Each structure stands twice: as C-alpha cells, then as structure tokens.
Amino acid sequence: MMTDTMPPQKPGPADALLIIDVQNDFLPGGALAVPDGNAILPALQHLVRLPFGMIVTSQDWHPSQHISFQPQGPWVPHCVARTEGAALAAGLSLPATAQAVFKGTLPEQDSYSAFGGADEHGTPLATLLQRHSITRVFLCGLALDYCVKATALDARANGLQTLVLMDACRGIAPDQTETLQTLRAAGVLLRTSQQLDG
Ligand code: VGL
Ligand code: ZN
C-alpha cells in the first residue's frame, strides 16, 4: 500500500473520525456495491474504540427520484432515505456519542462530500466540527474515489489537517493512482489505521 510512514499516534480531543457512507448499498449485495467494501469493517471496529474527540458517520440519503439516478447516469438508484440500503452496515457498532450527517437529500442536488451534509437538525458538518474544536480529521469508508476523496478535499479547504486511512477505505475504480495523486497534491496524508494507537 502506498502510504507514508509515521510513528504510531494516539488520537485526542481535537481529532475527529469521519466514517464515510458505510451503508448497505455500497457493500457486497447492495445496489452500488464497492468491490471488497466489507473488508474495511475490522479496521473500522478498531478505529471506533480509539479516543477520538468526535466520531461522525455520513450517509448518502437520496429521495426516490434523485438527479443522480437519471437514465443517463451517473448511478443506479441507491441509498434511498429510510430504506435498508441506506442504513449503516449492521457490522459497524458505534459508540452512542457518534453523530450522523446526511447528504444528497434534495431531488435536484447531489453531494459526494460529507461537508455538503447536515445532521438531523440541519446543522452542517463544518459547524459540528467547529463546535468540538476539531483541527484534524481521519477519514475512512466508501468510496475512496468519490465520497471519501470529495470529503478529504473539502476538509483541506476548511483548513483541517486531513488524513485518509487507506486500509479502512475501498474505491470503485480498479486503479486508484489518480485519486491518490489528487489527495496528496491537496496536502492530504495517506496513512493506515495500524499507525494509530489507543
Ligand atoms: C457515492 C456514488 C454515488 C459514495 C455516493 O458514497 O462514494 N458514490 N453516491
Ligand atoms: Zn449517491
């Protein structure tokens, strides 16, 4: 794996874990399955036990008639709000303090980035992170070349230190070289979850 080396680090109060779109429709058997997507679940179970200041899950949460489902693409229907396909993976057990944001909720608008999402009160992700004085975000989830990438680039644009935990992500395209180049060029650090200690 083409990650950078780093001595083991312990997450702290100013660090957030962002778990991107680990939803049934992106897992094997789902409407828009990401190849090998379920392989990240053991790493996620390790990560959610570490002392992050905040854990946030994002969910693609589309109306049944969504702009991304048009015949000319880009996607088949997936993650329709309140369906089983939009639910978080059953194999992901989260602490009660984890917060959820939802994105792509309007018919005419899509957002790959979790920064385009908001919690159940309509509070945007950036505001939630600011309230917790988060300065660094660790990203994991699906899909690396779409929603994880877009969220990482927005995190950088929001002035956050941004790390992507490569073993805890899977992408749709077989070749992720361009994705990794784009992330590195934006100052995103590529790490593994083994580089984090509790
Ligand atoms: C995603 C395609 C369509 C993702 C969401 O979560 O990466 N990909 N909608
Ligand atoms: Zn979507």
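Taken together, the values in this text are just the output of simple stated rules run on the coordinates, not laboratory data. Just so it is clear, the model here is predicted, and its values are computed rather than measured. Positions of Cβ are backbone-derived with ideal geometry, glycine not excepted, and every protein chain shown enters the neighbour counts.
Of the beta bridges in the chain, as assigned by DSSP with both residues counted there, near 10 percent are antiparallel. The packing ranking, built from the mean of other Cβ atoms within 10 Å per residue, places the peptides 19-32, 142-155 in the order 142-155, 19-32, highest first.
Just to verify a number: FRET efficiency for Q161 and D197, C-beta to C-beta distance, R0 = 30 Å, to 0.05?
Details: r = 18 Å, r/R0 = 0.60.
Efficiency, rounded to the nearest 0.05: 0.95.
Output the relative contact order of the stretch 15-196, whole-number percent, from Cα pairs under 8 angstrom with separation of 6+ residues. Walk me through the numbers before you get to the answer.
Details: 392 pairs, mean separation 44.3, N = 182.
Relative contact order for the stretch 15-196 comes out at 24 percent.
For V34, the amide hydrogen comes within under 5 Å of the amide hydrogens of L27, counting only partners 5 or more places away or on other chains and with H modelled in the peptide plane.
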